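**Q** Pasting a structure here, questions to come.
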Amino acid sequence: PVPHHLLRELLDLTLRAPSAWNGQARSVVAVTDPARLADLVRATGGQPQPREAPVMLVFVADCGDRPTDREEIHRAALDAGAWSAAFAEDSLASELAFRRDLAARGLLREYAVKDAMLAAAHALLAATALGLAGCPMNGWDETAVKEVIGIADRDDLAIALLTPLGFPAETRVPPGRLPLGRRAFTDRYGVPFDDTTPGAAEDPAASGTPSAGAPGPVTHP
């Protein structure tokens with residue numbers, strides 16, 4: 001089992017992830033109840049992760065057309081000195097206009113899921129830092145997952161990702177990735193990123209070899 005204090009720290013780090021307009025339109029449900037974990041096994045098509053992990057994190061995206069908790073969010077930013085009063089006021093007006101435009105184009109869900117995925121990425125990094133392990137899960141039925149966590153009647157909420165969480169039972173061998181130049185590009189898609197260090201051959205410091213006239217390492221008897 002993941003101790004309560006460790007889970008709390010992970011959730012706190014998770015929800016510090018950035019989000020559009022700092023709207024924080026995403027939530028995470030930590031499922032630990034054995035009965036609900038069993039329900040998640042069924043909701044994920046029989047995948048074993050919810051049965052093997054002591055915690056399942058369910059990332060929920062808020063797809064509503066109006067930002068929630070804005071007054072509290074703005075007050076916290078003002079109290080911290082992060083925002084000026086003028087910026088906070090302009091931010092709210094701009095966000096409302098932005099979300100109205102998203103709603104008109106049918107993109108509210110897409111943007112909310114992006115925010116939820118940023119939080120999920122933070123959770124995976126935080127888990128590693130805290131000595132835990134997790135992995136992103138696909139292959140789940142959204143309607144079934146929503147029923148498990150009690151939001152079956154909420155059309156304004158969507159499931160973004162599931163992540164099992166626990167202490168690693170083994171050290172896995174990384175399966176490897178394609179060469180950097182196949183997936184990283186410079187300036188334009190398809191122009192491979194050159195992963196050689198510019199000037200490395202000419203820079204004596206890069207090789208650790210003193211240049212002509214430069215003092216070598218000092219030795220003592």
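Listed here are the residues, each with its yes/no results for (1) open to solvent by less than 60 Å² (accessible area, probe 1.4 Å); (2) among the aromatic types (F, W, Y); (3) at pLDDT below 95.
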residue: A53; (1), (2), (3): yes, no, no
residue: L57; (1), (2), (3): yes, no, no
residue: D69; (1), (2), (3): no, no, yes
residue: E89; (1), (2), (3): no, no, yes
residue: F98; (1), (2), (3): no, yes, yes
residue: K114; (1), (2), (3): no, no, no
residue: A119; (1), (2), (3): yes, no, no
residue: A129; (1), (2), (3): no, no, no
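**Q** Could you give me the residue pairs with C-beta distances under 8 Å whose first residue belongs to the stretch 49-62 and is under 16 Å from I149 (Cα atoms), whose second residue is open to solvent by 20 Å² or more (accessible area, probe 1.4 Å) and among the basic types (K, R) wherever it lies, and which are 6+ apart or on separate chains?
**A** A61/R109
**Q** Filter the helices (runs of 4 or more DSSP H) completely within the stretch 1-82 down to those with at least 3 residues that are of a type in the set (F, W, Y) and closer than 19 Å to A133 by Cα.
**A** none
**Q** Output the number of the condition that V31 fails; it satisfies all remaining conditions of (1) at negative phi; (2) open to solvent by 50 Å² or more (accessible area, probe 1.4 Å).
**A** (2)
**Q** Condition check: open to solvent by 70 Å² or more (accessible area, probe 1.4 Å) and either assigned to a strand (DSSP E or B) or in contact with a strand residue (DSSP E or B) (Cβ under 6 Å, 6 or more places away or on another chain) (or both). Does R109 satisfy that?
**A** Against the criterion (open to solvent by 70 Å² or more (accessible area, probe 1.4 Å) and either assigned to a strand (DSSP E or B) or in contact with a strand residue (DSSP E or B) (Cβ under 6 Å, 6 or more places away or on another chain) (or both)), R109 qualifies.
**Q** In the stretch 158-183, how many residues are small (G, A, S), modelled with pLDDT of 95 or more and either part of a loop (DSSP other than H, G, I, E, B) or over 24 Å from C63 (Cα atoms) (or both)?
**A** 2
**Q** Here is a further query. Across the stretch 131-149, which residue is most open to solvent (accessible area, probe 1.4 Å) among those that are among the acidic types (D, E) and outside any loop (DSSP other than H, G, I, E, B)?
**A** Filtering the stretch 131-149 for residues that are among the acidic types (D, E) and outside any loop (DSSP other than H, G, I, E, B), the one most open to solvent (accessible area, probe 1.4 Å) comes out as E147.
**Q** Might you check whether a residue that is closer than 30 Å to P3 by Cα and either within 21 Å of the chain's Cα centre (by Cα) or assigned to a helix (DSSP H, G or I) (or both) occurs anywhere in the stretch 150-157?
**A** yes
**Q** In addition: The conditions are (1) open to solvent by less than 20 Å² (accessible area, probe 1.4 Å); (2) in contact with a Pro (Cβ under 8 Å, 6 or more places away or on another chain); (3) more than 29 Å from V2 (Cβ to Cβ), and W21 fails exactly one of them. Which is it?
**A** In the conditions (1) open to solvent by less than 20 Å² (accessible area, probe 1.4 Å); (2) in contact with a Pro (Cβ under 8 Å, 6 or more places away or on another chain); (3) more than 29 Å from V2 (Cβ to Cβ), W21 misses (1) alone.
The values are calculated or read from the model by the stated rules, or taken from the named source; none is laboratory data. Since the structure is predicted, the reported quantities are computational estimates derived from the model, not experimental observations. Here the Cβ is made from the backbone with ideal geometry for all residues, glycine too, and neighbour counts use every protein chain on show. These area figures cover heavy atoms from the full protein model, side chains too; ligands, DNA and RNA do not enter into them. Shrake-Rupley method; radii C 1.70, N 1.55, O 1.52, S 1.80 Å.
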